[in-house]
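Student: Quick one: structure below, then a few questions.
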Amino acid sequence: RLLAGAKGPLAGRTAIVTSGPTHEPIDPVRYIANRSSGRQGHAIAAALARLGADVTLVSGPVSIADPSGVRTIHVERAEEMRVAVESQLPADLAVMVAAVADWRVAGAADQKIKKRHGGGPPTLELAENPDILKTVGHHPQRPKLVVGFAAETQDLDQNALQKLQRKGADLIVANDVSPETGVMGGRRNRVKIVSANGIQDWPDMSKDEVAERLAALIAERLGDA
Ligand code: CTP
Ligand code: CA
C-alpha cells in the first residue's frame with residue numbers, strides 16, 4: 001500500500017495517526033466524549049504525508065474535512081479505533097493524537113432511555129476502554145517509532161514522563177489543556193517534547209506548525225533508526 005513515486009525523507013515509510021475524540025454510546029441517541037476538534041491530529045497526518053509517508057488516519061467523529069494525501073478510516077468508539085489501528089500493523093511509525101474516552105458505558109441501552117417522571121435520573125455504570133497507545137507501544141509488531149500525546153491540566157512534566165514509560169512510547173508531546181490556554185478547540189498550541197533525552201520546550205505556534213516540526217523530528221529520529 002505504498003504510494004508509488006512518493007518523495008521526501010519519509011518516502012517508503014508507513015504511518016498510523018489517530019485523531020479526534022471517541023464517542024461512547026449511552027443509548028442510540030446519547031454519548032459521552034472528550035473535547036477534541038481533530039485539528040492537531042489531522043495536521044500531523046497531513047504533514048507526515050507531505051514528507052512522503054504512506055499515512056492511514058484513524059479519526060473519531062470530527063467536523064473538519066479529511067486531510068488530503070491520506071487514507072482516512074472513520075470510527076466512533078474507542079474499541080473500533082483500537083481494531084482499526086491494529087489492522088494497520090505492521091507500520092513504521094504511529095502517532096496517537098486522539099482524545100480517546102477513557103471509559104465507555106457498560107451495557108449501553110439498545111433503546112432510548114426515557115425520563116422516569118418522578119423517578120430521578122439513571123445511574124451510568126462505566127467500564128474502562130482499551131488504551132490504544134499502550135497497546136501499540138507494547139505490541140509484538142511495535143512500530144519503530146511510537147509517539148503519544150499527554151493532555152494535562154496540572155503537573156505536566158511529571159505526568160508526561162510517566163506516560164512515556166507506562167505506554168512504551170519513544171516521544172510524548174505534552175500540552176497544557178487548561179481552559180485558559182485555549183488549546184482545546186483552538187488553532188494554536190504550545191507543547192513540550194518529552195523523550196528519554198529530556199524535555200524540550202517549543203514556543204507557542206499554530207497547530208499546523210507543531211505538526212510540521214513534529215513530522216520533521218519524526219523523520220530525523222527514523223533516519224537514525
Ligand atoms: N490514549 C489511547 N487510548 C486511550 C487513552 C489514551 O491511545 N484509551 C492515548 C492518547 O491518544 C494520547 C495518550 O494516550 O496519545 C495520552 O492520553 P491521556 O488521556 O493524556 O492519558 P491517559 O493514559 O488516558 O491518562 P489520563 O487521562 O488519566 O491523564
Ligand atoms: Ca485519558
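Student: For the stretch 121-180, give me each residue that is within 13 Å of ligand 2 (Cβ to nearest atom), surrounded by 13 or more Cβ atoms within 10 Å (Cβ to Cβ), part of a loop (DSSP other than H, G, I, E, B) and without any contact (Cβ under 8 Å) to a residue 60 or more places away in the chain.
Tutor: Matches in the stretch 121-180: Pro130, Asp131, Lys167, Val177.
Student: Looking at Arg82, Arg71, Arg116, can you tell me which residue is within 26 Å of Val183 (Cβ to Cβ), open to solvent by 50 Å² or more (accessible area, probe 1.4 Å) and either modelled with pLDDT of 95 or more or of a type outside the set (Gly, Ala, Ser) (or both)?
Tutor: Selected residue: Arg82, the only one of Arg82, Arg71, Arg116 that is within 26 Å of Val183 (Cβ to Cβ), open to solvent by 50 Å² or more (accessible area, probe 1.4 Å) and either modelled with pLDDT of 95 or more or of a type outside the set (Gly, Ala, Ser) (or both).
Student: Filter the stretch 1-54 for residues that are in a loop (DSSP other than H, G, I, E, B) and within 16 Å of ligand 1 (Cβ to nearest atom); which is surrounded by the fewest Cβ atoms within 10 Å (Cβ to Cβ)? Before the answer, list the steps.
Tutor: Pass one, the stretch 1-54, residues in a loop (DSSP other than H, G, I, E, B): 1-13, 20, 22, 28-29, 34-38, 51-53.
Now narrow it down to the ones that are within 16 Å of ligand 1 (Cβ to nearest atom): 20, 22, 34-38.
Numbers: Gly20: 29, Thr22: 29, Asn34: 18, Arg35: 11, Ser36: 23, Ser37: 19, Gly38: 25.
So the residue we want is Arg35.
Student: Only one residue in Ala211, Ala196, Ala215 is under 18 Å from Ala94 (Cβ atoms) and open to solvent by 40 Å² or more (accessible area, probe 1.4 Å), so which one is that?
Tutor: Among Ala211, Ala196, Ala215, only Ala196 is under 18 Å from Ala94 (Cβ atoms) and open to solvent by 40 Å² or more (accessible area, probe 1.4 Å).
Student: May I pose another question? From Gly41, Gly52, Gly69, which residue is over 24 Å from Gln111 (Cα atoms) and within 16 Å of ligand 2 (Cβ to nearest atom)?
Tutor: Exactly one of Gly41, Gly52, Gly69 is over 24 Å from Gln111 (Cα atoms) and within 16 Å of ligand 2 (Cβ to nearest atom), namely Gly41.
Student: In the stretch 175-190, how many are more than 17 Å from His42 (Cα to Cα) and touching a helix residue (DSSP H, G or I) at 6+ places or on another chain (Cβ under 6 Å)?
Tutor: Residues in the stretch 175-190 being more than 17 Å from His42 (Cα to Cα) and touching a helix residue (DSSP H, G or I) at 6+ places or on another chain (Cβ under 6 Å): 1 in total.
Student: Determine if the stretch 101-111 includes at least one residue that is in a helix (DSSP H, G or I) and open to solvent by less than 80 Å² (accessible area, probe 1.4 Å).
Tutor: Here is the first cut: in the stretch 101-111, the ones in a helix (DSSP H, G or I) are none.
So far as the stretch 101-111 goes, no, none of its residues is in a helix (DSSP H, G or I) and open to solvent by less than 80 Å² (accessible area, probe 1.4 Å).
Student: If Ala78 meets every condition in (1) within 30 Å of Ala127 (Cα to Cα); (2) more than 13 Å from the chain's Cα centre (by Cα) apart from one, which number is that one?
Tutor: (2)
Student: Oh, and also: Just to be sure before I move on: is Ser87 surrounded by fewer than 15 Cβ atoms within 10 Å (Cβ to Cβ), modelled with pLDDT of 95 or more and not hydrophobic (A, V, I, L, M, F, W, C) in the structure I sent?
Tutor: Criteria met by Ser87.
Student: Identify, from the list Val183, Val191, the residue that is touching a Phe, Trp or Tyr at 6+ places or on another chain (Cβ under 7 Å) and open to solvent by less than 80 Å² (accessible area, probe 1.4 Å).
Tutor: Matching residue, one of Val183, Val191: Val191.
The values are calculated or read from the model by the stated rules, or taken from the named source; none is laboratory data. On a predicted model such as this, the values are computed, not experimentally measured, just so you know. Using ideal geometry, Cβ is built from the backbone for each residue, glycine included, and neighbour counts are taken over all protein chains shown. Areas reflect the complete protein model, heavy atoms only, side chains present, ligands, DNA and RNA absent. Shrake-Rupley method; radii C 1.70, N 1.55, O 1.52, S 1.80 Å.
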